[in-house]
1. Among the numbered criteria (1) under 17 Å from K193 (Cβ atoms); (2) open to solvent by 40 Å² or more (accessible area, probe 1.4 Å); (3) in contact with a Gly (Cβ under 6 Å, 6 or more places away or on another chain), which one does S58 miss?
2. Which number in (1) open to solvent by less than 50 Å² (accessible area, probe 1.4 Å); (2) modelled with pLDDT of 95 or more marks the one condition that S91 misses?
3. Restricting attention to the stretch 174-221, which residues are free of Cβ contacts under 8 Å to residues at least 40 places away in the same chain, part of a loop (DSSP other than H, G, I, E, B) and not charged (D, E, K, R)?
4. Please go through the stretch 149-181 and give me each residue that is open to solvent by less than 30 Å² (accessible area, probe 1.4 Å) and under 19 Å from the mean Cα position of the chain (by Cα), ordered by number.
5. For residues that are of a type outside the set (V, I, T), out of contact with any Ser or Thr (no Cβ under 9 Å at 6 or more places or on another chain) and more than 18 Å from Q144 (Cα to Cα), scanning just the stretch 95-115, find the one that is surrounded by the most Cβ atoms within 10 Å (Cβ to Cβ).
6. Any chance the stretch 117-135 includes a residue that's under 15 Å from W41 (Cβ atoms), within 16 Å of the chain's Cα centre (by Cα) and either loosely packed, with under 14 Cβ neighbours inside 10 Å or not charged (D, E, K, R) (or both)?
7. If I ask for residues that are open to solvent by less than 40 Å² (accessible area, probe 1.4 Å) and either touching a helix residue (DSSP H, G or I) at 6+ places or on another chain (Cβ under 7 Å) or among the charged types (D, E, K, R) (or both), which ones from the stretch 21-47 would you list?
8. Filter the stretch 60-103 down to the residues that are aliphatic (A, V, I, L, M), in a strand (DSSP E or B) and either within 16 Å of R128 (Cα to Cα) or within 16 Å of the chain's Cα centre (by Cα) (or both) and list them by number.
Amino acid sequence: ERARAAMMREGGQPLYQVMLNLAEIQLYQGQVGYRWDGQAWFGGDIDRFVLKSEGGGSFREGFDGAEIQGLYSRAIDPYFYLQAGVRQDLSTPLHQTYGAIGFEGLAPYWFEVSGALFVSTRGNVLGRLEGYYDQNITQRLILQPRVELNFAAQNTPEDKIGAGLSNAELGLRLRYEITREFAPYIGVSYDTKVGQTAAYASQEGRASSVLSFVAGVRAWF
């Protein structure tokens, strides 16, 4: 037992990974947009510091949404991590700051899932659920269905967000792994606003639902 403990101390060197799950150009309704979703972590198998970022917009109108999160991540079993930290919105007029608590991990049948609850300094409560699955067609060709759901506990007209399910994104992307670390892809993404959030969009003359054709790259190191 003492020898094993010494070995674990000597071999427990910190590691890191940077992952861009989405880095893409989007074509929709005569416009060209962009989107990213990625994270970086540093630490060991149990304790890690995680930096997450996601966002998007159009080249004509600028950011539609952008955020960054700094999280402490703790393994609670071999497949799941519990996470807590801070989220900072970068694109809203108020640049809100949130406390964040959530989880991410590998569910049965190899589904990658994550969820988070956010509470802003103004008392607004948001939630998010994400999931995707990698289906190997060949050793290099992989189909990835993906879903993201965003929720709000209250109406916030200043942020154009309605209570309940505020928006959903459904995507289907086909990538080719030139190497395990670098894979270009093409696909489609359907993003729809729901309920009062859709009403806010209509009041501003914006479409509540958008179907995009996407092309991008998935990379990690």
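The values are calculated or read from the model by the stated rules, or taken from the named source; none is laboratory data. Source: prediction; values computed, not measured. Using ideal geometry, Cβ is built from the backbone for each residue, glycine included, and neighbour counts are taken over all protein chains shown. The protein model used for the area step is the full one, side chains on, heavy atoms only, and it has no ligands, DNA or RNA in it. Shrake-Rupley method; radii C 1.70, N 1.55, O 1.52, S 1.80 Å.
1. Unmet condition: (2).
2. Only one criterion in (1) open to solvent by less than 50 Å² (accessible area, probe 1.4 Å); (2) modelled with pLDDT of 95 or more is unmet by S91, namely (2).
3. Matches in the stretch 174-221: I178, V194, G205, S208.
4. Result: N150, A152, S166, A168, E169, G171, R173, R175.
5. Filtering first and then ranking leaves A100.
6. For the stretch 117-135, residues under 15 Å from W41 (Cβ atoms), within 16 Å of the chain's Cα centre (by Cα) and either loosely packed, with under 14 Cβ neighbours inside 10 Å or not charged (D, E, K, R) (or both): absent.
7. If the condition is that a residue be open to solvent by less than 40 Å² (accessible area, probe 1.4 Å) and either touching a helix residue (DSSP H, G or I) at 6+ places or on another chain (Cβ under 7 Å) or among the charged types (D, E, K, R) (or both), then E24, R35, D37 are the ones that fit.
8. A66, I68, L71, L82, A84, V86, A100, I101
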